[in-house]
Amino acid sequence: MTPEEFAGTCKALGHPTRIKILSLLLTNDCCVCGQIAHALPLAQSTVSEHLRQLREGGMVTTEARGHCTCYRVNHRTIRRFKKSVVFLEEGGFPDAIQSEIKGTGRSTA
């Protein structure tokens, strides 16, 4: 995961409602916006905006089902994000990020 992807994922996770939506999606294989709005409860337009941000951050994927869009958690992004957090916790980054930091003159220690 690049620093830009990591930051985008952090931004996508940066609101409590989006965390709630992800939690709901983790316990259900697939949900449409109206189901999520009913479960939280929030306006469908509010849920739609949060889903857009989660999609832009790579946290959810979509699948067309007839005239509805079904949302699912993108487990690949979650795994990559978790791995990046571990790298940060251990004080290091993957090689590609390490090279980028060294190129800026920042210390990695």
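Some points to look at:
- Arg18, Arg52, Arg72 arranged by Cβ crowding within 10 Å, fewest neighbours leading: Arg52, Arg72, Arg18
- With θ taken as phi - 60° and the Karplus curve 6.51 cos²θ - 1.76 cosθ + 1.60 applied, the whole-hertz 3J(HN,Hα) list for the stretch 59-67 is 7, 10, 10, 10, 9, 6, 10, x, 8 Hz, x standing for glycine and proline.
Just so you know, all these numbers are worked out from the coordinates, no wet-lab data involved. Keep in mind that this is a model prediction, so the values were computed, not measured. Cβ atoms come from the backbone with ideal geometry, glycine included; neighbour counts cover every protein chain shown.
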